Each structure stands twice: as structure tokens, then as C-alpha cells.
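The values are calculated or read from the model by the stated rules, or taken from the named source; none is laboratory data. Everything quoted here is computed from the prediction, not taken from an experiment. A quick note on method: Cβ atoms are made from the backbone with ideal geometry, for glycine too, and the neighbour counts reach across all protein chains shown. Only protein heavy atoms, including side chains, enter the accessible area calculation; ligands, DNA and RNA are left aside. Shrake-Rupley method; radii C 1.70, N 1.55, O 1.52, S 1.80 Å.
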Amino acid sequence: MNIDTSMKVIVIDDMMTMRKILSKMLKEIGFSDITEADDGASAWPLIEEAHNTGKPYQLIVSDWNMPNMSGLDLLLKVKDTEGINKAAFLMITAEAEQSKIINVVEAGASDFLVKPFKSDALKDKINKIFS
């Protein structure tokens, strides 16, 4: 399957190194319209603005454990907001506990990736989400 790499993507992680790694992996896959944010609280206004200007993010790649607003809180806000709730949401986590992963899926995440992972795993998850 060919992914539409022209879509807008936002990468959210409180660790700058992880944001850079994720952005680099996405660029290697072919994405070019990538925005970064350091937590859910700083990402939300960007997500709202993109939606309100008619150029919404189609893929949100977010870490789970972050200060100010966690990935789970951001996911709940995204899924609870008309129009924005259409965005695919890929949760990145170090949490491997099955009950916590089930919570994320039940909250509406399109899929999840457990750290550490390689770019092939990221590409496979994105393919799965958009297939």
C-alpha cells in the first residue's frame, strides 16, 4: 500500500531527541509536512488552528507519558472534538502492560507502538492505519 506522504503530521513528545528521531523516521518514509510539539498542551492549539484553517493534521503521532497534558488526555480531547476526531492517532509508549494498551485502544487510538522500535515498524503501523 502507498501512504499519502503529502498529509500533515504532528509529532508530540516531551523529549526533543525522540521528536527528532520520529521526524527523521517519518521523513525517511516520505513525509515532508511535519510539525513538532513538546506535549499535549502545546500541541492542542496547533491541532485546533490547523483544523480551523481547513488544513488539518491527518496523522497525530504522540508519546503517552508527558507533562502538562499526556498523550492519553490529548487523545481523549481529539476524539471528543468534532472534525478533529477524524485524524488518525498513533500512540507511542514505553508502556508494555496490556491493560494500559487496551485503555489507549478503547479511548480511540488508531494504533500504538511500544518503544523502542525501528522505522520499518513505524511505517507498518502507518500503513495499517490507512489501509
Note to self: Taking all protein chains in place and a 1.4 Å probe, what share, in percent, of the accessible surface of the chain do carbon and sulfur account for?
What the structure shows: 49
Next item on the list: Report the residues of segment 51-87 in range of a label on Asp4: point 7 Å along Cα→C-beta, backbone N strictly under 20 Å from it.
Entry: 51-62, 79, 82-87
Margin query: Can you compute the helix-only [θ] at 222 nm over the chain? Use -39500 (n - 2.57) per DSSP H run of at least 4 residues, normalise by all residues, nearest 500 deg cm²/dmol.
Written below: -13500 deg cm²/dmol
Item checked: Additional length obtainable on full extension of the chain from Asn103 to Asp124, 0.36 nm per residue less Cα span -> 5.4 nm
Margin query: With θ taken as phi - 60° and the coefficients 6.51, -1.76 and 1.60, list the Karplus ³J(HN,Hα) couplings across segment 83-91 in order, rounded to whole Hz; mark glycine and proline as x.
Written below: x, 5, 5, 7, 5, 6, 10, 9, 8
Next item on the list: Have a look at Gly54, Gly71, Gly40 and tell me which one the Gaussian network model of the chain (Cα, springs below 10 Å) gives the largest fluctuation.
Entry: Gly54
Check: Where in segment 69-107 are there GluC sites (Glu not before Pro) that are in a DSSP coil and have at most 13 other Cβ atoms within 10 angstrom of their Cβ?
Finding: Glu82, Glu97
Notebook entry, point to check: Using the heavy atoms of the protein chains alone and a 1.4 angstrom probe, what is the accessible area of segment 6-131 per residue in square angstrom?
Noted result: 50
Checklist line | Cα gyration tensor shape of segment 58-131, rounded if a/c is under 1.5, else prolate or oblate by comparing a/b with b/c | finding: oblate
Next item on the list: Using Cα pairs closer than 8 Å and at least 6 residues apart in sequence, work out the relative contact order for the chain, in percent.
Entry: 24
Checklist line | Reach of Lys79 by Cα under 22 Å, taken over lysines that are not fewer than 8 positions away in the same chain | finding: Lys8, Lys55, Lys100, Lys125, Lys128
